[in-house]
1. Using a Förster distance of 25 Å, how high is the FRET efficiency between Lys147 and Lys45, based on the Cβ-Cβ distance and rounded to 0.05?
2. Sticking with the crude label model, points 7 Å out along Cα→Cβ, report the distance from Thr211 to Lys121 in nm, one decimal please.
3. Subtract the Cα-Cα distance of Asp199 and Ala161 from 0.36 nm times their separation in residues, and report this length gain in nm to one decimal.
4. Starting from the alpha-carbon convex hull of region 175-287, give the projected area averaged over all orientations, in nm².
5. Pull out the extension gain between Lys288 and Val63, defined as 0.36 nm times the separation in residues minus the alpha carbon to alpha carbon distance; nm, one decimal.
6. Along the principal axes of its C-alpha atoms, what lengths does region 111-174 span, in descending order and rounded to whole Å?
7. If R₀ is 22 angstrom, what is the calculated FRET efficiency for the pair Lys105 and Asp176, using the beta carbon separation as r and rounding to 0.05?
8. Hey, which lysines would be in cross-link range of Lys214, C-alpha to C-alpha under 23 Å, not counting anything within fewer than 8 residues on its own chain?
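Just so you know, all these numbers are worked out from the coordinates, no wet-lab data involved. Quantities reported herein were computed from a predicted structural model and do not represent experimental measurements. Cβ: placed from backbone, ideal geometry, glycine included. Neighbour counts: every protein chain shown.
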Amino acid sequence: MQRSTTSTIAVAGLALAAFVTAFTVSTAGQGPGQAPPPAANTPPKPLVPVAASSVAANPDQYVGEYVTMTGAVEANLSKTAFSVDQDKTKATGKEVLVLAPNLQKPADANGYVTVIGQLIKFDPADVATKLKGYTIDLSAEDQAKFKGKPVVLATAVINTAGIDIAKKPIPPMSTDDLALQKQMVKLPPAQAALRKALDGSSVDLTKEQATILKTAFTEIETFWKAKGNEEATKWASDGKRHADSILMNVANQNFDAAKTSVTPLGATCASCHGKYRERMDDGTFRIKTAQ
């Protein structure tokens, strides 16, 4: 028995809301002087709404597309895999495989879901290429069963309650995260205020903001040095040096020379942030180990 139009609209609406929320979060929290982080799991093409029955009947037209696929959960196959069918009352043999590396709990059997992700034909080698670090935990029997058939590599699995059960929990901040964050949050507003002060040729305001930056970079340098991270320590040291240069030039009323230090100062932030800071879905950051 196929889903009602009302149910389809409701679940599709939940998917749209979740996608908009994810997009909003991914672009929030950027500050002046920071390189904008890449949006997590952002599809390069528009999402294609599709029913599981349509995928099962004609998968070729959706291969390579990023889809929002609606259907009923047929079976939980492993901790990170389940199948979706269009008929919640019986097995039709036309189920679609879903791989969700960050699945937090089993999907509700026979419950309707909206799955967001890229659709490909199942091949373990192709999955390994597209999902770095993920190990397929399907049985050998299921791998053989779905070989060459459509699979959605899910970045979101939204149930009828509007909950994304494939969303990786945000880890709490560690003591180190909190210590670094205390200094990091000072940088974007100080850089923005510094630019404004320099444009207005304000000696006092420029000195005030450059001093805030110098102090923050000094603390960040000390932090990274204690962690034995020479590269991050050097970037913090470079930032401190640029702030010093601004202070020296402004003391001599040389605003043009002071302005030449603003861009490289911001670049040190972007370099370190890109390599040693990981942006969470809520806009906060965690320390990461460079790959």
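1. Details: r = 26 Å, r/R0 = 1.03.
After rounding to 0.05, the efficiency reads 0.45.
2. Label at Thr211, label at Lys121, 6.8 nm between them.
3. Working it through step by step, the gained length comes to 8.5 nm.
4. The number I arrive at for region 175-287 is 6.6 nm².
5. Full-extension gain reported as 77.6 nm.
6. 39, 33, 20
7. Numbers: r = 30 Å, r/R0 = 1.36.
That pair, Lys105 with Asp176, gives E of 0.15.
8. The qualifying lysines are Lys182, Lys186, Lys196, Lys225, Lys227, Lys234, Lys240, Lys259, Lys275.
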